[in-house]
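First the structure, in the form of structure tokens, and then the observations on it.
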Amino acid sequence: MTNVVFLGPPGAGKGTQAIRFAEARGIPHVSTGDMLRAAVAAGSELGRQVQEIMDGGRLVPDDVIAAVVAARLREDDCAVGFVLDGFPRTVVQAEVLEAELASRSLALDHVVQLEVEDAELTRRMLARSQGRADDTPEVIQQRLEVYASQTAPLISYYGGKGLLRRVDGLGTVDEIAERTAAAVS
Ligand code: AMP
């Protein structure tokens with residue numbers, strides 16, 4: 001059983017690497033962004049609640065997303081471990097996750113930090129053009145700022161717990177996947 005968090009700024013290739021890693025280990029890939037986009041597409045109560053926030057590149061409230069993740073991690077497929085992609089994004093979320101796992105006698109094993117510098121991130125995000133409503137230059141800038149102010153503090157938070165595995169995010173998908181596998185061995 002391996003419980004892993006992938007951490008990194010928007011555009012770092014976090015989603016791609018999280019999926020690769022999950023497939024290689026045979027554990028579920030749990031992406032909060034994907035779950036929220038599915039809720040928006042389904043027009044559910046949750047989707048209506050978060051759509052405007054997502055379109056603006058801001059973070060949905062900690063209690064809302066923490067409840068979604070806690071429920072997901074209690075599903076049967078997560079009994080063999082999980083790869084969290086896009087959660088936690090604040091220190092409060094990290095604390096709630098830790099408490100939720102501890103209540104089930106579980107804990108995180110690794111936090112993979114994909115490191116890519118800012119100029120490269122902006123370039124990649126503008127180039128990838130996935131047709132996402134939050135991929136315009138203004139919203140990308142907003143998402144980078146939110147990362148720097150609210151999510152980057154998790155680097156020292158997890159560093160202090162001895163869980164952080166830093167991975168250079170510059171290179172081909174295969175190269176980064178190899179580095180990640182080596183960092184989490
Ligand atoms: P992502 O696909 O991970 O970039 O997430 C897309 C958007 O979903 C983010 O910009 C936020 O609006 C929202 N979101 C995803 N995960 C979280 C989270 N852990 N906390 C708050 N908002 C989130």
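The values are calculated or read from the model by the stated rules, or taken from the named source; none is laboratory data. A quick note: this is a predicted structure, and the numbers were derived from the prediction, not measured. FYI the Cβ positions are ideal-geometry reconstructions off the backbone, even for glycines, and counts take in every protein chain you see. Note: areas computed on protein heavy atoms with side chains; ligands, DNA, RNA excluded. Shrake-Rupley method; radii C 1.70, N 1.55, O 1.52, S 1.80 Å.
Just one of the listed residues (98, 145) is closer than 23 Å to residue 50 by Cα, out of contact with any Cys (no Cβ under 7 Å at 6 or more places or on another chain) and open to solvent by 70 Å² or more (accessible area, probe 1.4 Å), namely 145. Checking each residue in region 87-116 for being without any contact (Cβ under 8 Å) to a residue 12 or more places away in the chain, over 19 Å from residue 146 (Cβ atoms) and within 15 Å of the ligand (Cβ to nearest atom) picks out only 98.
Yes or no: residue 83 closer than 23 Å to residue 19 by Cα and either open to solvent by 10 Å² or more (accessible area, probe 1.4 Å) or within 12 Å of the ligand (Cβ to nearest atom) (or both)? Lay out the reasoning, then the answer.
Details: closer than 23 Å to residue 19 by Cα: yes; either open to solvent by 10 Å² or more (accessible area, probe 1.4 Å) or within 12 Å of the ligand (Cβ to nearest atom) (or both): no.
Criteria not met by residue 83.
Meeting the requirement of 3 or more residues that are within 28 Å of residue 3 (Cβ to Cβ), the helices (runs of 4 or more DSSP H) wholly within region 109-182 are 137-146, 153-160. In region 48-80, which residue that is basic (Lys, Arg) and not in a loop (DSSP other than H, G, I, E, B) is farthest from the ligand (Cβ to nearest atom)? So the residue we want is 48.
Within region 32-43, does at least one residue satisfy the condition of being part of a loop (DSSP other than H, G, I, E, B), under 27 Å from residue 104 (Cα atoms) and either more than 12 Å from the ligand (Cβ to nearest atom) or open to solvent by 10 Å² or more (accessible area, probe 1.4 Å) (or both)? So far as region 32-43 goes, no, none of its residues is part of a loop (DSSP other than H, G, I, E, B), under 27 Å from residue 104 (Cα atoms) and either more than 12 Å from the ligand (Cβ to nearest atom) or open to solvent by 10 Å² or more (accessible area, probe 1.4 Å) (or both).
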